[in-house]
1. Residues in the stretch 206-219 that are under 45 Å from the mean Cα position of the chain (by Cα) and loosely packed, with under 12 Cβ neighbours inside 10 Å: how many?
2. Could you list, in sequence order, the residues of the stretch 226-256 that are surrounded by 14 or more Cβ atoms within 10 Å (Cβ to Cβ), within 17 Å of Gln174 (Cα to Cα) and touching a residue at least 40 places away in the same chain (Cβ under 8 Å)?
3. Out of Thr131, Thr161, I need the residue that is of a type outside the set (Lys, Arg), modelled with pLDDT under 95 and surrounded by 15 or more Cβ atoms within 10 Å (Cβ to Cβ). Which one?
4. What are the residues in the stretch 182-234 that are out of contact with any helix residue (DSSP H, G or I) (no Cβ under 7 Å at 6 or more places or on another chain) and acidic (Asp, Glu), if any?
5. Name the residue that is surrounded by the most Cβ atoms within 10 Å (Cβ to Cβ), counting only residues in the stretch 134-158 that are of a type in the set (Lys, Arg) and more than 19 Å from His277 (Cβ to Cβ).
6. Go through (1) touching a residue at least 24 places away in the same chain (Cβ under 8 Å); (2) surrounded by 16 or more Cβ atoms within 10 Å (Cβ to Cβ); (3) among the hydrophobic types (A, V, I, L, M, F, W, C) one by one and return the number of the condition Leu203 breaks.
7. Show the residue pairs meeting these rules: Cβ distance below 6 Å; 6+ apart or different chains; first residue within the stretch 164-182 and within 17 Å of Ala146 (Cα to Cα) and assigned by TED's automatic domain parsing to the domain that holds Thr144; second residue surrounded by fewer than 19 Cβ atoms within 10 Å (Cβ to Cβ) and among the basic types (Lys, Arg).
8. Taking the stretch 130-171, which residues are of a type in the set (Val, Ile, Thr), under 46 Å from the mean Cα position of the chain (by Cα) and part of a loop (DSSP other than H, G, I, E, B)?
Amino acid sequence: MSGFAQRYWASLTDTDITSLDQLIEQGRSRDGSLWRRYLVSLLDVPMTRTTVRETEQAKSEPSVSGERPASTAFYALETTIDVGVAAQSPRRWWRGTSMALATLLVIVTAFGAARLLLPAPRPASPSTSVTAGYHTVKDPAGYTVAVPRGWTRKQKQGEQTPVVYYNSPDDGRQLLFFEAAESSPMASLSLAENDPGYGYSHLPGYKALHRASGADWAELTYRYDDKDSGTLQVIDHRFRAADGNVYATRASSPASLPLVLIREPLDIAVRSFCPSHAVCT
């Protein structure tokens, strides 16, 4: 530390201390003010000496005393700080950033090209097809229903509503539809079986084969002897449709045919049945 710096420090601290170590120790005192402690932190940093040679004019023109001018010395703080890793040069940083941007541009371009070249997936459209061999008809009685292709339609007037028949042209099978007047499927089926004048139980050769029911449906499988067609097998299914009303679907065939031949068209008819003024899913 130069004598000038020591004198400057002594003028600031009002001390006569001339030793650099003593000056630093005095400034580090815990009861010292903050500005003193800040100056001491500067004194702890190594100082480098830089000498500036005399100018060319001073070389050629000697001083009045004939002596060459003395060199001027400046003291500067050492500012090199070791952080363990050399800082990346601006050019190297820009080169790395440029490489990353170029890579990103290539990826985006390739992705866009793939979107243009590859066919876009098409959204699935709701299927409107029905089981092979069947077609959906809008029946004039007020509903849509899927029935076997080639079957012929016939309609008769019932006691309260129309009764619609779809008949097979070659094997005696038949589908029958009508709207029931009862409040529930079970009540409607029970009346159809046990009505004193027209119930199934009064038919010649009547025999109940199977009964089943659910929350909004009831079903009875039976057989009886018809005077014109011989022994017939019947599945009578009563159900509540989407409009809240009760409907009857009855499938029949000669008893010589497998029961499945009337079970299939009955099930398809019930699943597809929808009143014209209702919304069905």
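1. Count: 3.
2. Those that are surrounded by 14 or more Cβ atoms within 10 Å (Cβ to Cβ), within 17 Å of Gln174 (Cα to Cα) and touching a residue at least 40 places away in the same chain (Cβ under 8 Å): Asp236, Arg238, Tyr247, Ala248, Thr249, Arg250, Ala251, Ser252, Ser253, Pro254.
3. Thr161 is the lone residue from the list that is of a type outside the set (Lys, Arg), modelled with pLDDT under 95 and surrounded by 15 or more Cβ atoms within 10 Å (Cβ to Cβ).
4. Asp195, Glu219, Asp225, Asp226, Asp228
5. Taking the candidates together, the pick is Arg153.
6. Condition (1) is where Leu203 drops out.
7. Tyr165/Lys154; Tyr166/Arg153
8. Result: Val130, Thr131.
The values are calculated or read from the model by the stated rules, or taken from the named source; none is laboratory data. This one's a predicted model, so the numbers in the text were calculated from it and none came from an experiment. Every residue, glycine among them, receives a Cβ derived from its backbone with ideal geometry; neighbour counts consider all protein chains shown.
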